[in-house]
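Novice: Can you read through this structure? Questions will come right after.
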Amino acid sequence: LAKTTQPISMDSYEGQEVNITCSHNNIATNDYITWYQQFPSQGPRFIIQGYKTKVTNEVASLFIPADRKSSTLSLPRVSLSDTAVYYCLVGYNQGGKLIFGQGTELSVKP
Amino acid sequence: GAVVSQHPSRVICKSGTSVKIECRSLDFQATTMFWYRQFPKQSLMLMATSNEGSKATYEQGVEKDKFLINHASLTLSTLTVTSAHPEDSSFYICSGYGGNTEAFFGQGTRLTVV
């Protein structure tokens, strides 16, 4: 299973763009890259998923370089409500194990 | 996205009793369910993986006789914490996967054993 490495914490201010990078050097060919957001005492919430290049949805963008050994979650114009822990997961495909790394605790300040 | 409903959201039980947590996929068929526990300020730790109609596969260090998992249908999985003790107090979270490429999580259950 591919192991992921993320910064433990990040600070930002309202209105800024936040980029969180995740390293996954041992990603397998069939693995997807998925990001989740978790607020205290809640289950994780799906943010975005990608396989390669760039994926964008209504809340975030996901950038994946050609070698797929890392990925970057981009949150445009964050607000206070984006303060949460963000998890990057790989090594999950078609029902395989879903293993969480340490996550990145994002703190957005006014 | 798809919805996974987990109940109860919080439960307090006496030491030595058993507690059942339910996880339902409301708008998809969950062929695979994952169960996690999470301690304060820590990440989610996978306890077991269950496929509908099969016995659950437990992670190393997780006692299968203490944490009973049943996945009898494509929309329901249950976790029963048997003979609970204070050290079993934690936040338990289920996740369902139905054949798409992402899994969906329940709201979590805060278990307190007194």
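The values are calculated or read from the model by the stated rules, or taken from the named source; none is laboratory data. Remember, predicted model here, so these are calculated numbers, not experimental data. Virtual Cβ from ideal backbone geometry, glycine too; neighbours counted across all protein chains shown. What goes into the accessible areas is simple: the full protein's heavy atoms, side chains included, and nothing from ligands, DNA or RNA. Shrake-Rupley method; radii C 1.70, N 1.55, O 1.52, S 1.80 Å.
Novice: Give the number of residues within segment A:69-88 that are open to solvent by less than 20 Å² (accessible area, probe 1.4 Å) and not hydroxyl-bearing (S, T, Y).
Specialist: Taking segment A:69-88 and keeping what is open to solvent by less than 20 Å² (accessible area, probe 1.4 Å), we get A:71, A:73-75, A:78, A:84, A:86-88.
Then keep just the ones that are not hydroxyl-bearing (S, T, Y); that gives A:73, A:75, A:78, A:84, A:88.
Residues meeting the conditions: 5.
Novice: Still on this model: Starting from segment A:20-31, take each residue that is over 12 Å from A:G50 (Cβ atoms) and in a strand (DSSP E or B) and list its partners that are charged (D, E, K, R) and open to solvent by 30 Å² or more (accessible area, probe 1.4 Å), counting only C-beta distances under 7 angstrom and pairs at least six apart or across chains.
Specialist: Between residues of segment A:20-31 that are over 12 Å from A:G50 (Cβ atoms) and in a strand (DSSP E or B) and residues that are charged (D, E, K, R) and open to solvent by 30 Å² or more (accessible area, probe 1.4 Å), the close pairs are A:S23/A:K69.
Novice: Collect the residues in segment B:1-18 that are open to solvent by 10 Å² or more (accessible area, probe 1.4 Å), of a type outside the set (D, E, K, R) and either free of Cβ contacts under 8 Å to residues at least 24 places away in the same chain or part of a strand (DSSP E or B) (or both), keeping them in residue-number order. Give the derivation first.
Specialist: Going residue by residue through segment B:1-18, those that are open to solvent by 10 Å² or more (accessible area, probe 1.4 Å) are B:1-3, B:5, B:7-18.
Those left that are additionally of a type outside the set (D, E, K, R): B:1-3, B:5, B:7-9, B:11-13, B:15-18.
Answer for segment B:1-18, where residues must be open to solvent by 10 Å² or more (accessible area, probe 1.4 Å), of a type outside the set (D, E, K, R) and either free of Cβ contacts under 8 Å to residues at least 24 places away in the same chain or part of a strand (DSSP E or B) (or both): B:S5, B:H7, B:V11, B:I12, B:C13.
Novice: Kindly list the number of the only condition in (1) open to solvent by 50 Å² or more (accessible area, probe 1.4 Å); (2) of a type outside the set (A, V, I, L, M, F, W, C); (3) on the phi < 0 side of the Ramachandran plot that fails for A:T53.
Specialist: (3)
Novice: What single numbered condition from (1) within 14 Å of chain B (Cβ to nearest Cβ); (2) in contact with a Gly (Cβ under 9 Å, 6 or more places away or on another chain) fails to hold for A:R77?
Specialist: Every listed condition holds for A:R77 apart from (1).
Novice: Follow-up. Go through segment A:1-19 and count every residue that is assigned to a strand (DSSP E or B) and open to solvent by less than 60 Å² (accessible area, probe 1.4 Å). Outline the logic, then answer.
Specialist: The initial filter retains those residues of segment A:1-19 that are assigned to a strand (DSSP E or B), namely A:5, A:9-13, A:18-19.
Add one more test, that the residue is open to solvent by less than 60 Å² (accessible area, probe 1.4 Å), and what stays is A:10, A:12, A:18.
Here the count works out to 3.
Novice: For segment B:88-101, how many residues are within 10 Å of another protein chain (Cβ to nearest Cβ), at pLDDT below 95 and open to solvent by less than 70 Å² (accessible area, probe 1.4 Å)?
Specialist: 5
Novice: State which residue is most open to solvent (accessible area, probe 1.4 Å) when the search covers only segment A:89-107 and only residues that are in a strand (DSSP E or B) and either under 27 Å from A:E14 (Cβ atoms) or at pLDDT 75 or above (or both).
Specialist: Taking segment A:89-107 as the starting set, the residues that turn out to be in a strand (DSSP E or B) are A:89-92, A:104-107.
Checking which are either under 27 Å from A:E14 (Cβ atoms) or at pLDDT 75 or above (or both) leaves us with A:89-90, A:104-107.
Values: A:L89: 3, A:V90: 7, A:T104: 0, A:E105: 92, A:L106: 1, A:S107: 38 Å².
Among those residues, the one meeting the criterion is A:E105.
Novice: Take B:S50 and decide whether it is at pLDDT 95 or above and within 13 Å of chain A (Cβ to nearest Cβ).
Specialist: Working: at pLDDT 95 or above: no; within 13 Å of chain A (Cβ to nearest Cβ): yes.
No, not satisfied.
Novice: Another question, if that's okay. All but one of (1) open to solvent by 10 Å² or more (accessible area, probe 1.4 Å); (2) within 14 Å of another protein chain (Cβ to nearest Cβ); (3) at pLDDT below 95 hold for A:N26; state the number of the condition that does not hold.
Specialist: Evaluating A:N26 over (1) open to solvent by 10 Å² or more (accessible area, probe 1.4 Å); (2) within 14 Å of another protein chain (Cβ to nearest Cβ); (3) at pLDDT below 95 leaves (2) as the failure.
Novice: Something else now. Does segment B:19-34 hold any residues that are surrounded by 13 or more Cβ atoms within 10 Å (Cβ to Cβ) and free of Cβ contacts under 8 Å to residues at least 60 places away in the same chain, and which are they?
Specialist: Result: B:E22, B:R24.
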